[in-house]
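Only one structure is covered here, and it is reproduced in the block below.
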Amino acid sequence: GENVEQHPSTLSVQEGDSAVIKCTYSDSASNYFPWYKQELGKGPQLIIDIRSNVGEKKDQRIAVTLNKTAKHFSLHITETQPEDSAVYFCAASHFNKFYFGSGTKLNVKP
Amino acid sequence: DSGVTQTPKHLITATGQRVTLRCSPRSGDLSVYWYQQSLDQGLQFLIQYYNGEERAKGNILERFSAQQFPDLHSELNLSSLELGDSALYFCASSVANNNYGYTFGSGTRLTVV
């Protein structure tokens with residue numbers, strides 16, 4: 001089955017700096033790669049996603065890149081703000097199967 | 001509001017008891033997925049239903065069961081509860097039996113005492 005590894009497990013940055021979270025996957029059949037933000041006590045919220053026919057996608061301060069050959073994808077957050085502090089999960093999906101990374105706790109210091 | 005509704009939001013019960021968690025998918029979504037998230041843990045997939053039929057099974061204990069009803073809402077039944085079952089339980093829904101429009105609910109926090 002699919003195996004998704006996510007790094008780092010914790011990330012602390014200063015407000016205004018950039019944050020990068022990386023994930024690798026093992027199953028080349030995976031074709032959908034979403035990223036979720038989970039705030040304390042809430043459900044995961046989709047923040048950006050990318051399909052395997054696209055190499056990069058950007059939405060304001062958030063971007064995701066995908067390298068299918070190397071089987072890795074990354075989340076980039078620029079100009080971080082305190083409200084970006086949360087746990088971020090990556091996932092790799094094929095058809096109806098979703099495999100989640102173990103999460104990254106991002107702390108943005110004011 | 002994601003459109004996926006989970007009730008109750010919080011549940012406290014004793015060991016050995018049985019509880020039922022409910023999920024109403026987003027309007028038009030036919031698939032429902034259940035996940036367990038223990039403290040500081042990732043999301044563990046439990047089970048998926050599509051249009052009333054079980055379609056995928058993950059690490060779901062035999063003490064747990066689920067079903068999806070004709071109106072597409074789903075229930076997760078947890079029985080003979082143990083302290084270790086304390087966790088957040090999320091459901092997600094998607095349009096069909098695929099990964100389009102995959103959306104999570106806000107979860108049910110279960111505490112077993």
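The values are calculated or read from the model by the stated rules, or taken from the named source; none is laboratory data. Keep in mind the model is a prediction, meaning the values are calculated, not measured. Glycine gets a Cβ as well: all are built from the backbone with ideal geometry, and neighbour counts include every protein chain shown. Surface areas here come from the heavy atoms of the whole protein model, side chains and all, with no ligands, DNA or RNA. Shrake-Rupley method; radii C 1.70, N 1.55, O 1.52, S 1.80 Å.
Considering only protein heavy atoms, what per residue accessible area in square angstrom results for the stretch A:1-48 with a 1.4 angstrom probe?
51 Å²
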query: Considering the dipole of the stretch A:6-110 built from charges on the beta carbon (Lys and Arg +1, Asp and Glu -1) around the Cα centre, which of A:Ser26, A:Ile48, A:Cys90 is farthest to its positive end?
result: A:Ser26
query: With labels modelled as points extended 7 Å from the Cα through the Cβ direction, what inter-label distance (nm, one decimal) is found for B:Gln17 paired with A:Asn3?
result: 4.0 nm
query: Which of the pairs A:Lys68/B:Lys57; A:Lys71/B:Lys9; A:Lys22/A:Lys97 have their Cα atoms more than 30 Å apart in this structure?
result: A:Lys71/B:Lys9
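Quote the total accessible area buried by chains A and B together, excluding ligands, DNA and RNA, probe 1.4 Å, nearest 100 Å². Mind showing how you got there, number by number?
On the way: alone 6300 and 6000 Å², together 10860 Å².
Interface between A and B: roughly 1400 Å².
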query: Separation between the B:Glu54 and A:Lys109 pseudo-spin-labels, each 7 Å from Cα along Cα→Cβ, expressed in nm?
result: 5.0 nm
- request: Please report the orientation-averaged projected area of chain A, defined via the convex hull of its C-alpha atoms, in nm².
  value: 6.5 nm²
- prompt: In the protein assembly as shown, what percent of the accessible surface is made up of carbon and sulfur (1.4 Å probe, ligands and nucleic acids excluded)?
  reply: 48 percent
- prompt: What figure in square angstrom, to the nearest 10, would you give for the accessible area of A:Asp17 with a 1.4 Å probe?
  reply: 80 Å²
- prompt: Any idea of the accessible area per residue across the stretch B:63-113, 1.4 Å probe, to the nearest Å²?
  reply: 34 Å²
- prompt: For the stretch B:81-100, which residues drop by 10 square angstrom or more in accessible area between the chain on its own and all protein chains together (1.4 Å probe)?
  reply: B:Leu88, B:Phe90, B:Asn97, B:Asn98, B:Asn99, B:Tyr100
message: Please compute one quarter of the surface area of the Cα convex hull for chain B and express it in square nanometres.
response: 6.4 nm²
- line: To the nearest 20 debye, the protein assembly as shown has a Cα-centred charge dipole, built from +1 on Lys and Arg Cβ and -1 on Asp and Glu Cβ, of 120 debye
message: Can you return the aspartates and glutamates within cross-link range of A:Lys105? Criterion is Cα-Cα under 14 Å, with same-chain partners fewer than 8 residues away left out.
response: A:Glu39, A:Glu83, A:Asp84, B:Asp40
Alpha-carbon Rg with Dmax, taken over the protein assembly as shown, Å: 17.5, 50
- request: Give me the net charge of B:Pro8's neighbourhood, meaning all other residues with Cβ under 15 Å from the Cβ of B:Pro8; Lys, Arg count +1, Asp, Glu -1.
  value: +3
- request: Counting other Cβ atoms within 10 Å, keep those with at most 11, restrict to DSSP loop, and tell me which GluC sites (Glu not before Pro) in the stretch B:1-108 are left.
  value: B:Glu62
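State whether the stretch B:51-113 is rounded, prolate or oblate according to the following rule on the C-alpha gyration tensor (a ≥ b ≥ c being the square roots of its eigenvalues): a/c under 1.5 gives rounded; otherwise a/b larger than b/c gives prolate, and the remaining case gives oblate.
Details: a/c = 2.17, a/b = 1.66, b/c = 1.31.
Prolate, because a/c is 1.5 or more and a/b exceeds b/c.
Charges at C-beta only: +1 for Lys and Arg, -1 for Asp and Glu. How large is the resulting dipole of the stretch A:38-110 about its Cα centre, in Debye rounded to 20?
Working: 10 positive and 7 negative charges, 62 e Å.
Dipole of the stretch A:38-110, to the nearest 20 debye: 300 debye.
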- request: Compute the projected area of the convex hull of the Cα atoms of the stretch A:58-110, averaged over all viewing directions, and report it in nm² to one decimal place.
  value: 4.7 nm²
field: Rg to Rh, two decimals, where the stretch B:1-58 supplies the alpha carbon set and Rh follows Kirkwood
entry: 0.99
